[in-house]
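Colleague: This is the structure, below, for whatever I ask next.
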Amino acid sequence: MNSSAPSSINRTAVLGLGLWVALLVLLSHWMGRQAHHWLPVPASNAAPLVDGLFSFETAIGTFVFGAVLTVLVWVLLFNRAEKYDESDAVPIEGNTRLEVIWTAIPFVLVMAIAVYTMRVNHRLGVLGPMEHIHAHSPLEMQGGYPADRLPAEQIEVIARQWSWEFRYPGRKISSTELHLPVDQPVTFRLNSDDVLHGFYIPAFRLKQDVIPGRAIDFNLTPTREGRYRLRDSQFSGTWFAANQADVVVESQEAYAAWLKQAAEQPLQNGLSVAVQEYAERQQKRNPGWATVPPAPPPQVNVPGSPNLPHDA
Amino acid sequence: MTIATFPPEPPPPASWTRYLGFSTDAKVIGIQYIVTAFFFFLIGGLLAMVIRGELITPAADLVDRSVYNGIYTMHGTIMLFLFIFPVLNGLNNLLTPTMIGAPDMAFPRLNTAAFWLVPVFGLLLIGSFFVPGGPATAGWWSYPPVSIQNPLGHLINGESMWILAVALSGVSSIMGAVNFVTTILRMRAPGMTLFRMPVFCWTALAAQSLQLIGLPALTGGAVMLLMDLSFGTSFYRPEGGGDPVLYQHFFWFYSHPAVYVIILPVFGIFSELFPVYSRKPLFGYVYVSVASFIIVGLGLVVWVHHMFPSGVAQWMRDLFMATTMLIAVPTGVKVFAWLGTLWGGKLRLTTPMLFCIGGLVNFVFAGITGVMLATVPIDIHVSNTYFVVGHFHYVIYGAAVMGIFAAIYHWFPKFTGRMPYEGLGKLHCLLTFVGANLNFLPMHPLGLMGMPRRVSSYDPEFAFWNVIASLGAFLLGVSVIPFLLNMISSWIRGPRATYNPWNAIGLEWLLPSPPPEDNFGEEVPTVISRPYGYGTGEPLVENQSEIEKRLQLQEVLA
């Protein structure tokens with residue numbers, strides 16, 4: 001800046017800059033509020049924590065992006081070389097104080113986010129202790145209920161190429177549609193019969209890979225009634241995209257009624273879009289590239305439907 | 001120095017056929033790399049068009065699901081291993097020796113071998129489209145057990161060819177890295193200390209060191225994967241006592257740093273070009289140079305952030321989140337340094353400058369979503385969704401590829417002796433910037449809503465953003481047309497380039513355009529100051545005005 005410039009110009013510049021920063025702060029705050037709308041409905045006790053963090057980072061990110069963009073637009077508007085001006089600019093090679101400041105600011109910022117996040121992490125604590133299990137015994141394959149080794153409130157999740165099966169131990173119920181009572185903590189025991197899968201319910205903001213050869217305990221508490229999608233989130237082969245299931249969160253009474261009704265249903269083919277599409281595919285003269293055939297549909301009391309409207 | 005050779009013998013007009021053979025000239029190899037890379041870029045891009053064509057509607061209705069999986073796998077693999085790494089190695093070949101005043105690379109024949117492996121594994125990979133069962137379909141991560149399922153049971157199958165190609169690519173990259181590191185450390189011009197070296201060379205040195213450290217892990221991991229796939233071992237097979245998550249460690253130990261191998265040279269390009277086109281020295285040269293190595297150090301200890309939902313312990317989540325966050329610091333320093341360079345400059349909005357500015361905007365956006373991804377709870381929600389795909393493409397296409405285009409336009413006159421056309425270049429830049437943002441921005445809301453990546457079909461609520469993304473992708477496809485038109489027509493009949501058309505400072509701009517085969521030959525100038533002396537009036541090398549006069553005279557005589 002020109003040292004001979006009258007101080008009134010400096011004052012105007014400071015005022016203008018201050019106004020612009022205030023405007024950016026307001027915009028960032030607004031974006032932070034908006035961020036909640038970009039996410040699915042929050043349906044678990046984890047969701048508000050995750051959404052709060054995301055909103056906070058959106059606000060900070062908006063401010064940083066806005067500031068960088070401001071500088072860029074400023075130089076593009078006011079620092080363009082005049083036509084036919086071949087000369088160089090004033091050679092400023094650096095400024096140690098500035099460099100220290102702009103190292104310190106991002107450092108403090110990201111460390112603050114990291115500490116905030118670690119707190120959220122520990123409050124979430126979704127990942128239970130893991131244990132290695134032995135490859136399934138043939139007994140398990142025959143449609144029995146080996147999950148009786150689990151505590152009663154646990155739901156056993158079995159991921160396959162390509163279906164999801166949910167077993168309610170103690171109640172001798174099995175389903176390809178997950179039913180959960182609202183506001184009750186629930187523990188899942190995640191197992192895979194073949195490859196990696198991802199247990200992902202966007203409305204719950206939670207995701208855990210399902211790893212063959214490991215049983216992973218996974219806790220969550222649904223907080224909102226509704227019908228949500230469970231999606232396979234770890235690529236699992238040909239019908240990966242179709243490997244979805246519905247999660248129904250309902251009141252205690254409705255859940256009890258569902259359990260009762262489900263127990264009375266006979267075992268039948270569970271939901272597996274892959275099995276159906278595979279059969280159609282085999283009819284074609286040129287069915288595409290090689291694929292692993294889908295596992296037979298699990299035998300369940302409640303198959304559910306893939307086409308009901310869901311909240312998220 | 002004498003001018004006894006004056007007037008210099010005009011070099012014999014070199015035949016274009018030298019680009020088809022086993023040349024040991026780094027400048028020929030550089031162009032071979034770049035042209036080969038863009039050939040595969042077109043194939044990879046075509047696959048991207050199929051992907052976006054499939055995803056323009058919710059149902060899996062364009063191609064069979066197995067075909068979709070093969071196509072997205074090959075898109076990623078081709079773009080990374082056959083486009084972006086080779087194109088960067090091409091730039092390294094062109095720029096490293098000329099920028100440091102070396103006559104060639106340290107090991108010219110190793111250089112030739114490293115390049116010729118590229119078409120070999122390229123053919124292997126493309127050939128896998130035609131074997132029974134089709135190509136690999138397990139994604140470019142190729143996570144077991146899905147990658148070792150081998151439905152047909154053949155010994156030669158898409159997956160085994162994929163693994164071999166990736167391993168060969170690793171061998172080629174290691175050969176290249178040995179060469180670049182040695183050349184930069186041992187063959188600099190007299191007077192060019194490390195802290196007088198252009199930032200591009202700093203970033204190349206950093207990136208190639210990462211290759212040397214990281215690639216053995218990937219190659220080892222890939223060999224074990226091949227053993228599991230073809231020879232019945234159980235490194236990753238749970239039923240044999242193996243651990244599928246182990247592979248993920250091997251894979252990401254290299255493949256996360258691989259992103260820095262890609263982006264660091266692009267930081268180098270930004271650091272070279274912003275000073276030229278704002279006529280100011282690079283702000284904080286020393287810090288920017290050193291920051292590359294801070295990124296290398298941190299980049300080696302962040303890989304588990306790709307595995308937060310894979311079943312890793314809480315302490316690992318916390319630790320790797322913190323290291324990942326820290327990378328924002330040296331990276332932020334670079335961004336601020338570029339802004340400091342632009343500030344108060346005399347900006348010239350040429351095609352390369354516009355590409356750099358567009359790339360910088362995209363990169364800052366990608367950095368912000370990167371910090372979001374580093375925070376574990378958010379990552380757990382959006383990992384393996386389109387949010388990650390969007391972030392990644394902002395880094396790789398939005399920032400890296402735009403930086404590479406900037407470099408190509410900027411150094412095109414130096415190595416071809418012809419000027420590219422500005423109008424076509426600016427059109428290319430506009431289409432790229434708009435197309436990339438239209439293509440990749442919608443992926444973020446999709447991911448936040450919970451749309452997993454790698455899906456061949458999706459629920460109808462995701463349709464809106466997918467349609468926009470697909471339109472953006474098609475625009476990106478179109479953006480390649482002015483680029484190719486520009487490159488081909490200007491190379492054949494563009495206006496002749498002077499030795500320094502951008503009035504830039506650097507050893508490469510003290511060579512004729514195109515430079516002779518051994519660059520400076522016996523008369524390597526002695527470097528006497530730091531790079532980027534714009535506006536300081538200090539010469540870069542001894543007898544600079546004489547060298548420039550000679551070059552001007554040579555051009556007048558030609």
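Colleague: Of B:420, B:352, which residue is in a helix (DSSP H, G or I) and farther than 28 Å from residue A:229 by Cα?
Modeller: Of the residues listed, the single one that is in a helix (DSSP H, G or I) and farther than 28 Å from residue A:229 by Cα is B:352.
Colleague: Consider residue B:183 carefully, then state whether it is buried (at least 21 other Cβ atoms within 10 Å of the Cβ) and within 30 Å of residue B:289 (Cα to Cα).
Modeller: yes
Colleague: Here is a further query. Looking only at region A:70-97, count every residue that is in a helix (DSSP H, G or I), more than 23 Å from residue B:502 (Cβ to Cβ) and more than 7 Å from every other protein chain (Cβ to nearest Cβ) and tell me the total.
Modeller: Residues flagged as in a helix (DSSP H, G or I), more than 23 Å from residue B:502 (Cβ to Cβ) and more than 7 Å from every other protein chain (Cβ to nearest Cβ) within region A:70-97 amount to 5.
Colleague: Looking at region A:266-295, which of its residues are within 29 Å of the chain's Cα centre (by Cα) and surrounded by fewer than 15 Cβ atoms within 10 Å (Cβ to Cβ)?
Modeller: Residue satisfying the conditions is A:293 alone.
Colleague: Considering B:381, B:410, B:428, which residue is at negative phi and within 10 Å of another protein chain (Cβ to nearest Cβ)?
Modeller: Unique residue meeting the criteria: B:381.
Every residue, every condition in (1) outside any helix (DSSP H, G or I); (2) crowded, with 23+ Cβ neighbours inside 10 Å; (3) among the small types (Gly, Ala, Ser); (4) without any contact (Cβ under 8 Å) to a residue 24 or more places away in the chain, yes or no:
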| residue | (1), (2), (3), (4) |
| --- | --- |
| B:205 | no, yes, no, no |
| B:239 | no, no, no, yes |
| B:249 | no, no, no, no |
| B:291 | no, yes, yes, no |
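Here is a yes/no grid of residues against (1) surrounded by fewer than 19 Cβ atoms within 10 Å (Cβ to Cβ); (2) over 28 Å from the mean Cα position of the chain (by Cα); (3) farther than 30 Å from residue B:534 by Cα:
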| residue | (1), (2), (3) |
| --- | --- |
| B:450 | no, yes, yes |
| B:453 | no, no, yes |
| B:457 | no, yes, yes |
| B:460 | yes, yes, yes |
| B:469 | no, no, yes |
| B:481 | yes, no, yes |
| B:486 | no, no, no |
| B:499 | no, no, no |
| B:502 | no, no, no |
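Colleague: Pick from region B:23-81 the residues that are at the interface with chain A (Cβ under 10 Å from one of its Cβ atoms) and under 21 Å from the mean Cα position of the chain (by Cα): which of them is surrounded by the most Cβ atoms within 10 Å (Cβ to Cβ)?
Modeller: Going through the qualifying residues, I end up with B:73.
Colleague: It is to be established whether one or more residues within region B:125-137 are surrounded by 21 or more Cβ atoms within 10 Å (Cβ to Cβ) and more than 11 Å from every other protein chain (Cβ to nearest Cβ).
Modeller: Yes, region B:125-137 has at least one match.
Colleague: What are the residue pairs meeting all of these: first residue in region B:15-42, first residue without any contact (Cβ under 8 Å) to a residue 40 or more places away in the chain, second residue in a helix (DSSP H, G or I) and among the aliphatic types (A, V, I, L, M), Cβ atoms under 7 Å, and 6 or more apart or on different chains?
Modeller: Within 7 Å, the pairs are B:18/B:28; B:19/B:28; B:19/B:31.
Colleague: For residue B:57, indicate whether it is under 30 Å from residue B:104 (Cα atoms), not hydrophobic (A, V, I, L, M, F, W, C) and not in a helix (DSSP H, G or I).
Modeller: no
Colleague: Tell me yes or no: at least one residue of region A:16-38 is within 14 Å of chain B (Cβ to nearest Cβ), among the hydroxyl-bearing types (Ser, Thr, Tyr), assigned to a helix (DSSP H, G or I) and under 29 Å from the mean Cα position of the chain (by Cα).
Modeller: Yes; the residues of region A:16-38 include at least one that is within 14 Å of chain B (Cβ to nearest Cβ), among the hydroxyl-bearing types (Ser, Thr, Tyr), assigned to a helix (DSSP H, G or I) and under 29 Å from the mean Cα position of the chain (by Cα).
Colleague: Moving to a separate point now. Quick one: count up the residues across region B:408-429 that are surrounded by fewer than 19 Cβ atoms within 10 Å (Cβ to Cβ) and free of Cβ contacts under 8 Å to residues at least 60 places away in the same chain.
Modeller: Looking only at that region, the number is 2.
Colleague: From the list B:117, B:94, exactly one residue is surrounded by fewer than 24 Cβ atoms within 10 Å (Cβ to Cβ) and away from every other protein chain (no Cβ under 14 Å). Which is it?
Modeller: Step by step, each of B:117, B:94 is checked, and only B:117 is surrounded by fewer than 24 Cβ atoms within 10 Å (Cβ to Cβ) and away from every other protein chain (no Cβ under 14 Å).
Colleague: From the list A:104, A:43, A:47, exactly one residue is hydrophobic (A, V, I, L, M, F, W, C), more than 10 Å from chain B (Cβ to nearest Cβ) and closer than 30 Å to residue B:377 by Cα. Which is it?
Modeller: The match here is A:43.
Colleague: On to the next question. Just name the residue that is nearest to residue B:373 (Cα to Cα) out of those in region B:303-324 that are at the interface with chain A (Cβ under 10 Å from one of its Cβ atoms) and among the β-branched types (Val, Ile, Thr).
Modeller: It comes out as B:324.
Colleague: Among residues belonging to region B:509-558 that are assigned to a loop (DSSP other than H, G, I, E, B) and among the β-branched types (Val, Ile, Thr), point out the one that is surrounded by the most Cβ atoms within 10 Å (Cβ to Cβ).
Modeller: The selected residue is B:524.
All of the numbers you see were taken from the coordinates with simple rules; none came from a lab. Fair warning: this is a prediction, and the values are worked out from it, not measured in the lab. Backbone-built Cβ (ideal geometry, glycine too); neighbour counts: all protein chains shown.
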